[in-house]
Amino acid sequence: MRTIAITGSASGIGAATAKRLEGEGQRVIGVDLRDAEIVADLSTPDGRRAAIDGILELSGGKLDGLVPCAGLMGLPDRPASLLVSVNYFGSIELFEGLREALAASGEAAAVGLCSNSTTTSPGLSMDIVEACVAGDEDAACTAAERAGSIQTYAPTKLALGHWIRSRATTEDWIGRGITLNAVAPGKTQTPMVAEGKAHPVMGPLLDAFPIPAGRDGRPEEIANLICYLLGPEARFFVGSVIFCDGGTDALLRPQDWPAPMPAPER
Ligand SMILES: NC(=O)c1ccc[n+]([C@@H]2O[C@H](COP(=O)([O-])OP(=O)(O)OC[C@H]3O[C@@H](n4cnc5c(N)ncnc54)[C@H](O)[C@@H]3O)[C@@H](O)[C@H]2O)c1
């Protein structure tokens, strides 16, 4: 039986992933603000430390999979700094704090939750991305408060995607037998999106998002992809950011990806 830790396990994509893994007979250690094996607030350094310590204790220091799934959408009445602290630092500190436990498995997999907002949000604030990637939570929160909550979501997810791609190929990760990848969902029917749709400002923005598939994603569809990346058939995926979005990214930017490597400067 494999042991997999999932944050944000009480709702949406995290809950669907936990349900599927448990249905396969795997052991899930869930972390959330409520209804979880470990109740911890990932928006604070102390809460992240408590989550890491709790996972290490329950897993006995050996973990086969990790999915830091907890996240928040930007809403006008939600502090932008909360998105920086949960979406970005709440993911990367768990990746870092649990890396040794993953290495102890020999064949572990870690999957982060990116988003198709990373490539479909015009004029995304690179100040937030750069401060996140530099590991400066205070500067990232300050930049986020300047940009506003709605504009902070995509930068936190872009920074996470960049962090994952830059770490995945290193000795610390694949060199220790840990595959590290990300999924980038499009709009998916979860309580997070339901909350956004009910909001007078965010609702129309979400409804305007074009989806060629003609519908929102289902949490189980994203969970299926996460479970595949956690499993034995996905051992050749390293540093991939896999979009699962009903075609939105391909519709808006058909020729931007794959992007060719620029010629070297002479
Ligand atoms: N639903 C979508 O359309 C969509 C699209 C792209 C990416 N994502 C990402 O997928 C992930 C899951 O989203 P979802 O739609 O299932 O959301 P959700 O709101 O249904 O679930 C998120 C969970 O995270 C938990 N959480 C929030 N703040 C926390 C904190 N401070 N500490 C601990 N737990 C906390 C919540 O309690 C909740 O259970 C998020 O990272 C989200 O950004 C979602």
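The values are calculated or read from the model by the stated rules, or taken from the named source; none is laboratory data. Note that the structure is a prediction, hence the values are computed from the model and not measured. As a convention, Cβ positions derive from the backbone with ideal geometry for all residues, glycine included, and neighbour counts pool all protein chains shown.
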If the Cβ limit is 9 Å and pairs must be 6+ apart or interchain, which residue in segment 131-143 that is farther than 10 Å from PHE89 by Cα and touching a residue at least 12 places away in the same chain (Cβ under 8 Å) pairs with which residue that is of a type in the set (S, T, N, Q) and part of a loop (DSSP other than H, G, I, E, B)? ALA143/SER125
If you check ILE222, ILE164, ILE178, which single one turns out to be buried (at least 16 other Cβ atoms within 10 Å of the Cβ) and away from the ligand (no atom under 14 Å from the Cβ)? ILE178
Which one of ALA51, ALA18 is near the ligand (Cβ under 8 Å from one of its atoms), crowded, with 23+ Cβ neighbours inside 10 Å and either assigned to a loop (DSSP other than H, G, I, E, B) or within 18 Å of the chain's Cα centre (by Cα) (or both)? ALA51
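Examine segment 198-217 for a residue that is closer than 29 Å to ARG99 by Cα, in contact (Cβ under 8 Å) with a residue 24 or more places away in the chain and buried (at least 17 other Cβ atoms within 10 Å of the Cβ), and state whether such a residue exists.
So far as segment 198-217 goes, no, none of its residues is closer than 29 Å to ARG99 by Cα, in contact (Cβ under 8 Å) with a residue 24 or more places away in the chain and buried (at least 17 other Cβ atoms within 10 Å of the Cβ).
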Starting from segment 163-184, take each residue that is closer than 13 Å to ALA103 by Cα and aromatic (Phe, Trp, Tyr) and list its partners that are buried (at least 17 other Cβ atoms within 10 Å of the Cβ) and at pLDDT 95 or above, counting only C-beta distances under 7 angstrom and pairs at least six apart or across chains. TRP173/ARG167; TRP173/LEU180
Condition check for ILE4: more than 9 Å from the ligand (Cβ to nearest atom) and either modelled with pLDDT under 95 or touching a strand residue (DSSP E or B) at 6+ places or on another chain (Cβ under 8 Å) (or both): yes
Out of the residues in segment 102-117 that are part of a helix (DSSP H, G or I) and within 18 Å of LEU229 (Cα to Cα), which is farthest from the chain's Cα centre (by Cα)? ALA103
